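Have a look at the structure below before the remarks.
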Amino acid sequence: MYLKSLEIHGFKSFADKTLFEFHTGVTGIVGPNGCGKSNVVDAIRWVLGETSAKALRGAEMADVIFNGTDKRKPVGMAEVILTLADCEQGLGVDYNEVAMCRRVFRDGRSEYRINGTICRLKDFQELLAGTGIGRSAYSVMEQGKIDMLISAKPEDRRSVFEEAAGITKFKGQKKEALRKLEYTEANLLRVADIIAEVKRQMGTLHRQAQKAKRYQVVHKDLRILDLHLGHKHFTEYTAEKTESENQIISLMTELNDLHQRVHAKEQEVTETREIYHQVESTINGLRQQSQEFRSKIQGAESKIEFNRERVEELEGRIRRNEEDATNNRDMVDRQQRELAAADEQFSSIRNAIESRQYALEEHQITHNAIIPSAETGDGAPHPARNLPPAGRRGRHGRCQSAEPDQPDGHRPSAARSPGA
Ligand code: ATP
Ligand code: MG
């Protein structure tokens, strides 16, 4: 068996897919510091089933995924495929080549495959057990590990030798067998406990079995009695059933009868409903008519009221006119009386005027008879000319010519009389 190739993709500094083919004669990888030599060893350790992130020089398992550089983005998955050839004897399998593939994702998921078939980490460990290339084997010695091995405790060193001698696998199998033995012994103990418990329960179960037998006997009797009772009930129920059936028949007849009556009543109801609807519509028409009449009556009433008010008003006016007519009639009477008085006064005044005119004419005649010599004389004033008329002298001999006439236009009769 030999290491044929190693394919690394996204693991630590190997962002791109990188294939190492270990041809015959290849004994080492050389390169400058920090070029990734130890990362190749880490890849081999990791693909062989390493679970400690610290052993891979990281804090957690996701640190093995390419983390990116200044010029390149990080990747989401690391994958390493290690191919071993001539494995039939070394690994005890049927294939010549065995490709072990391990993947890890950023979310923590991981995947193991042997020749493309998905498997568990345990299958990796079982496959490599005793071959010297397992996780804790001596075949991979990283920087400083040899120093550590030399200075390690004898027990730790012993495990390396045991792996080299190829007994690790058997030791594992022995450990597994011992664990199974312990488990079986514990099971045996539990079985003994159960047997003791069952023995303790047997007395109780025996008593319960006796009870159950008695129960069965009683139950059998009960069944027979139950059967008899059932038969009795059956007979009674059959009679009842027959009676009930007869009742049902008569009830059915009654029901049919009732159905027919209900049908007839329903028809009656339908007819009545139709009549009711007709009456209702008539009532509605009458109600409408009554409404119209009521509104007409209201109109007539308001007209009557208006006319009544008008009549009252006209009657008032007639009364007032009658009063006015009475007043006017009185006034006409009074005025007629006044007119008559005025006529009388007028007649007396005319008479007075006429008498005065007459007196005046007489006086003129008298005057004319006296005066002609004076008018044709020497021009000396006649003493009578400068005298005021006798009637115009006052009581004290003063001149009264400036006196106004009496309001009625008469002069005192003494002054008027030409003979006075
Ligand atoms: P030396 O000769 O000093 O032992 P080396 O060749 O063994 O050096 P490694 O230790 O294998 O070098 O590689 C170190 C390099 O790997 C560093 O440059 C580091 O930045 C890089 N590296 C480690 N882990 C990652 C990672 N997850 N992603 C990207 N680069 C990483
Ligand atoms: Mg190194």
Practice item. Kindly establish whether Phe22 is away from ligand 2 (no atom under 16 Å from the Cβ), under 29 Å from Met148 (Cβ atoms), aromatic (Phe, Trp, Tyr) and in contact with a Gly (Cβ under 8 Å, 6 or more places away or on another chain). Key: no
Check your understanding: Quick one: would you say Asp42 is touching a Leu at 6+ places or on another chain (Cβ under 6 Å) and surrounded by 13 or more Cβ atoms within 10 Å (Cβ to Cβ)?
Key -> yes
Review point. Quick check, is Lys145 at pLDDT below 95, within 16 Å of ligand 2 (Cβ to nearest atom), more than 60 Å from the chain's Cα centre (by Cα) and of a type in the set (Lys, Arg)?
Key: yes
**Study point:** Tally of residues being among the charged types (D, E, K, R), surrounded by fewer than 16 Cβ atoms within 10 Å (Cβ to Cβ) and either under 60 Å from the mean Cα position of the chain (by Cα) or not in a loop (DSSP other than H, G, I, E, B) (or both) across segment 91-112
**Key:** 4
Check your understanding: Is it true that Ser5 is away from ligand 2 (no atom under 13 Å from the Cβ) and modelled with pLDDT under 90?
Key -> no
Check your understanding: Is it true that some residue in segment 67-75 is within 14 Å of ligand 1 (Cβ to nearest atom), among the aliphatic types (A, V, I, L, M) and in contact (Cβ under 8 Å) with a residue 60 or more places away in the chain?
Key -> yes
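Yes or no, residue by residue, for (1) touching a Gly at 6+ places or on another chain (Cβ under 9 Å); (2) surrounded by fewer than 14 Cβ atoms within 10 Å (Cβ to Cβ); (3) free of Cβ contacts under 8 Å to residues at least 40 places away in the same chain:
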{"position": "Glu126", "(1), (2), (3)": "yes, no, yes"}
{"position": "Thr131", "(1), (2), (3)": "yes, no, no"}
{"position": "Gly144", "(1), (2), (3)": "no, yes, yes"}
{"position": "Glu155", "(1), (2), (3)": "no, yes, yes"}
{"position": "Ser159", "(1), (2), (3)": "no, no, yes"}
{"position": "Leu189", "(1), (2), (3)": "no, yes, yes"}
{"position": "Asp193", "(1), (2), (3)": "no, yes, yes"}
Study note, to complete from the structure: When every residue in segment 113-147 that is assigned to a strand (DSSP E or B) and of a type outside the set (S, T, N, Q) is compared, the one nearest to ligand 1 (Cβ to nearest atom) is Arg113
Review point. So Leu48 fits all but one of (1) near ligand 1 (Cβ under 8 Å from one of its atoms); (2) touching a residue at least 40 places away in the same chain (Cβ under 8 Å); what number is the exception?
Key: (1)
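The values are calculated or read from the model by the stated rules, or taken from the named source; none is laboratory data. Only a predicted model underlies this, so the values are computations on that prediction, with no experimental measurement involved. Note that each Cβ is placed from the backbone with ideal geometry, even for glycine, and that neighbours are counted across all protein chains shown.
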